[in-house]
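Enquirer: Here it is: the structure, laid out below.
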Amino acid sequence: MCPDPRHAGSHVVRHGSSRALGRQRYRCTPAGERAHTFSLLLEFVDDAALLPTRMHLKSYRHSAVEIARALESIGRGATYRQAALQASVGRHDNGQLVANWVRDFGGIVAAPATPQSWPPVLGVGAFPLRPGTVGDAPVVQLAVGMTGAGAPTRLWAVRVAGHAGVHEWAAFYRRRAGAPTVLVVGSEVAARAARHWTWETPGGTATNAVDLEVLGRSLRAAREALFRRLAARQAHFSNRRQLDRLLDLMRLDLNGDADTAVYAGRILADGRAAGLPLQ
């Protein structure tokens, strides 16, 4: 049976196997529509609970595992073309394929691992999106946090802003609920000023005196890692929303949250690439 509920009763036959994963492929010839091929994941066979999501399937030619593998590569700093090759799909598709996956699935895999509130201790910083630029040029804002004394540091948030002004930092602080007890700010004067715009009764004092050496090291390490991973993308900085999705995938990788199986599960749960691929 074809997984697309619109093709119930259509003619389905075996059609070779998937080169990347070795799964059986099938060819469906629906009446009055173009024929397509698909493969099934075992965990989706006879799972009645997932049938409602099947109504929202889109025509993706590749499996959730292939998509997840490419997104994980992107988080490590691979280009779209490199990620396509590493996911074993680059031989057949152009470089836009993985860009589309980042657009459609980047937010899906990142959302469950995105914190909703600020931690008690937070360090913030920024660096130019394009090396060598100053003034009103776009910047990458990032925040590293600790949930308590001795707790591991994590990259809490990262995004692209039009420039490093007070309004942009205030918008960055509003991306999460609550306020940190201590905010550690580097040389970004606007980031320090925006703190008082955003949190009327802050619990701590913004300071350059970093008594939390680990937090400072982690902030510098995250900034350097993100800078390196973005370096190969100088020609692809026109779409800020796409850049934010890329940065979220990098955040997951730097925090140790990147995992192909986990990503694939989130993509499958979304219901748009449930073990297809469709052609």
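Enquirer: Any residue at all in the stretch 73-95 that's out of contact with any Gly (no Cβ under 8 Å at 6 or more places or on another chain), under 30 Å from residue 227 (Cβ atoms), modelled with pLDDT of 85 or more and of a type in the set (Asp, Glu)?
Expert: No; the residues of the stretch 73-95 include none that is out of contact with any Gly (no Cβ under 8 Å at 6 or more places or on another chain), under 30 Å from residue 227 (Cβ atoms), modelled with pLDDT of 85 or more and of a type in the set (Asp, Glu).
Enquirer: Among the residues of the stretch 4-38, write down those that are at pLDDT below 70 and touching a Gly at 6+ places or on another chain (Cβ under 9 Å).
Expert: 23, 24
Enquirer: Against the definition (at pLDDT below 85, part of a helix (DSSP H, G or I), surrounded by 14 or more Cβ atoms within 10 Å (Cβ to Cβ) and not assigned by TED's automatic domain parsing to the domain that holds residue 106), how does residue 223 come out, yes or no?
Expert: In short, no.
Enquirer: So residue 172 fits all but one of (1) farther than 20 Å from residue 252 by Cα; (2) in contact with a strand residue (DSSP E or B) (Cβ under 6 Å, 6 or more places away or on another chain); (3) part of a helix (DSSP H, G or I); what number is the exception?
Expert: Among (1) farther than 20 Å from residue 252 by Cα; (2) in contact with a strand residue (DSSP E or B) (Cβ under 6 Å, 6 or more places away or on another chain); (3) part of a helix (DSSP H, G or I), the lone unmet condition for residue 172 is (1).
Enquirer: Can you say whether residue 264 is in the same structural domain as residue 106 (by TED's automatic domain parsing) and either at pLDDT 75 or above or of a type in the set (Val, Ile, Thr) (or both), as far as the supplied structure shows?
Expert: yes
Enquirer: State all residues of the stretch 124-160 that are at pLDDT 90 or above and among the small types (Gly, Ala, Ser); if no residue qualifies, say none.
Expert: Correct list: 125, 126, 143, 145, 157.
The values are calculated or read from the model by the stated rules, or taken from the named source; none is laboratory data. Quantities reported herein were computed from a predicted structural model and do not represent experimental measurements. Glycine gets a Cβ as well: all are built from the backbone with ideal geometry, and neighbour counts include every protein chain shown.
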